[in-house]
Structure formats: structure tokens, C-alpha cells
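Step one of this worksheet: look at the structure below.
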Amino acid sequence: MGFSVRVEQTDLFIRAAVDLTAQAYDLVVAGRRRILDWAGQQPDFLTSLEPLPLAAAAPPPVKEMLAAGARAGVGPMAAVAGAMAEFVGRGLKPSSPEGIIVENGGDVYLDAAGQVVIGLLAGRSPLSLRLGLLLTPDSMPVGVCTSSATVGHSLSLGRADAATVVADTAALADAAATALGNKVLRPDDIEPALDKTLALPGVRGAVVVMGEKIGLLGDLEIVPLSR
């Protein structure tokens with residue numbers, strides 16, 4: 001079944017075997033509190049566009065944000081949506097062993113028993129929601145996250161309509177998607193940007209959509225979406 005949980009800027013849609021709204025709410029509150037408490041100790045945490053030092057004492061999801069930012073070469077907040085999705089998903093999985101999917105503003109953590117198709121939302125591109133990523137149970141748990149210069153309010157320094165990354169964790173997928181999107185200013189940037197992204201340990205595949213052009217690399221299965 002599907003249900004939503006919203007706490008300030010965190011807006012989740014969750015699929016689980018049963019209604020876990022109360023548990024999910026508590027996890028969101030706990031995760032946000034940890035992030036804000038850590039930011040109170042490290043003022044640059046919320047604003048840095050560069051990686052910050054790893055800290056053994058950092059709690060989840062802060063530790064995952066720091067690690068993902070360091071690996072992708074971006075600030076820790078570039079991983080916040082994916083990290084929160086995974087923090088909640090892992091916390092709920094014992095109560096939904098059949099599977100859990102947590103979507104946080106388009107960034108997704110999946111640990112499902114069946115195959116799932118994630119549509120590629122790409123702003124003004126004519127390819128938007130024409131294609132999807134097929135994910136099978138043997139690939140899970142997995143994170144699928146997207147950065148866009150034309151959709152949403154997240155900061156992107158590039159011009160891609162969609163820069164989507166599939167990775168071992170949602171935090172890494174989120175940070176790597178931000179880094180990928182930042183590198184794409186024109187169509188000629190797509191191929192080298194994908195090469196650099198796939199070189200990151202833990203990244204399984206990536207897609208860039210820019211206008212009518214699309215580039216993809218890695219262990220991905222693309223399927224058409226019915227309209």
C-alpha cells in the first residue's frame with residue numbers, strides 16, 4: 001500500500017506491505033533532528049558545495065551524507081534527499097519484509113520483492129516520462145536519484161534536464177547525480193560526464209537527458225513507458 005509522510009521540507013511517498021505512517025513519521029523526525037544537530041556543530045554542513053571531512057562519530061543519515069559527498073566531490077547536502085529516503089526505508093524494512101520503496105522528492109530508495117520501473121522525469125525535454133529504468137529484485141537494495149536544472153528547486157550548476165544515477169546506496173546516487181548534472185553544460189559534455197560518474201565506486205549506471213539527446217552508461221535496462 002502507499003502512503004505519504006511530510007515533515008517540513010521532507011515529503012515522502014512510501015510503498016510498504018502495511019500502513020507504517022506513524023513509524024515513518026518518527027524516523028523522519030529523528031533523521032532531521034540528527035542532521036540539524038550535526039549542522040549546529042559544523043556550520044558549513046548545510047551550505048558547503050565541497051566535501052567535508054568524514055567523522056566516525058556522525059550518526060546516520062549524517063555519516064552517509066558525508067561519505068557520499070566525499071566520494072562524489074560535492075557537499076553533504078547534495079545527498080540529503082537520498083540519505084533520508086534510505087534512512088527511513090531501512091528503518092521500516094523489518095516491519096515490511098516483503099519490500100519497501102521510499103521516494104523523497106524524486107529520489108528513491110528501493111528494496112522490493114518484485115521488479116519496479118522508475119520513470120525518467122526530464123523537465124522540458126520531449127523524452128520526459130517516455131523512458132524508464134527497469135529494476136529487478138536481484139539489484140536491490142538500490143538508490144535511484146536525479147538532479148535537474150529544469151525540474152524542482154535543488155541547486156544544479158549544469159543545464160541537464162535530468163542526470164540520473166543508480167547506485168548501491170541512495171545517498172551516493174543523490175550525490176553522484178548532483179555531480180553529474182553539474183558537469184553537463186552542453187551536449188558534448190554528456191559522454192565525459194558519464195565516464196567520470198561510472199568511475200565512482202558504488203555507482204552502477206547513469207543517464208543524462210538534455211533536450212532531445214540522451215546518454216547512458218553502465219548496468220542499466222531502459223524500457224519505454226506507455227502514454
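We did not get these values from a lab; they are worked out from the coordinates using the rules stated. Note that this is a predicted model, so its numbers are computed, not measured. Virtual Cβ from ideal backbone geometry, glycine too; neighbours counted across all protein chains shown.
Quick look at the numbers
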quantity: Selected residue (only one of 91, 114, 132, 158 is in a strand (DSSP E or B), of a type in the set (Gly, Ala, Ser) and over 12 Å from the mean Cα position of the chain (by Cα)); calculated: 132
quantity: Close pairs from region 115-129: first on the phi > 0 side of the Ramachandran plot, partner part of a strand (DSSP E or B) and surrounded by fewer than 17 Cβ atoms within 10 Å (Cβ to Cβ), Cβ under 7 Å, at least 6 apart; calculated: 129/119
quantity: Residue, surrounded by the fewest Cβ atoms within 10 Å (Cβ to Cβ), within region 1-26, restricted to residues that are in contact with a Leu (Cβ under 9 Å, 6 or more places away or on another chain) and polar (S, T, N, Q); calculated: 4
quantity: Options 35, 100; residue that is over 23 Å from residue 196 (Cβ atoms), more than 12 Å from the chain's Cα centre (by Cα) and not in a strand (DSSP E or B); calculated: 35
